[in-house]
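Taken together, the values in this text are just the output of simple stated rules run on the coordinates, not laboratory data. Everything numeric in this text was worked out from a predicted model, so none of it was measured. Quick reminder, even Gly has a Cβ in these numbers, built from the backbone with ideal geometry, and neighbours come from all protein chains shown.
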Amino acid sequence: MSGDSQLQAKRPVSALLAGPYGHPFHPVLVTVPIGAWVTSLVFDIASHVVHRPGFLTQGSEWLIAVGVAGALLAALAGFLDLFAIPAGTRAFRTALVHMTLNLLVTVAYAVNFLWRQSGYTGGASVGWGRLALSAVSLAVLGVSGFLGGRLAYRYGVRVADERTQAEGYAAAGRARSTRPAA
């Protein structure tokens, strides 16, 4: 990859919408659906352990909805980041797979939410099919997250260049030597 292509992938298409140079919004926004969906799975599992699981079942359902809304916001920022990556590169292909997996997971969770709406359990535990769909969706999200990490940490997409990063390693203030000059 040429240096110009690599630098292009570090700069935002729109700093206002995707975050300024070195501070992309996408990694921050993905914490909402990840946290919501992980917690919804914990609630699903816990609904099979407690005596009155209705609050967990309902909480899980709404955590899925929060995750879908958060995923859509994260997707918008991620889509802008995709535009910064030069087409035809390994980073671009990885980003397309990452995006496709995330969209599939978001659709799966939207379907899971609608499935839960159509089959209200009246305070019972989450059904095994719904729980399995959440678990599989979360596993696919993990694969996608691995690819997102590859984009940032291996290919440096939307990460500051090395010269900018070097600022963090400069000594804050040089300590004066207490030894007398020789």
Proximal charge balance of ALA110 [Cβ under 15 Å; K/R count +1, D/E count -1]: +1
Charge dipole (region 28-182, unit charges on Cβ, about Cα centre) - positive-most of ALA91, LEU63, ALA166: ALA166
Charge tally in the Cβ shell below 13 Å around ALA36, where Lys, Arg are +1 and Asp, Glu are -1, ALA36 excluded: -2
Rounded FRET efficiency, nearest 0.05, which uses the C-beta distance separating LEU73 from HIS48 and R0 of 35 Å: 0.65
Relative counts (whole %) of C-alpha pair distances in region 29-118, using bins that are 10 Å wide: 17, 40, 25, 13, 5, 0
Estimated Rh, region 39-88: Kirkwood, alpha-carbon pairs, angstrom: 12.9 Å
Around HIS98: net Lys/Arg minus Asp/Glu count, Cβ-Cβ under 15 Å: +4
Cα pair count fraction exceeding 17 Å, expressed as % - region 76-147: 52 percent
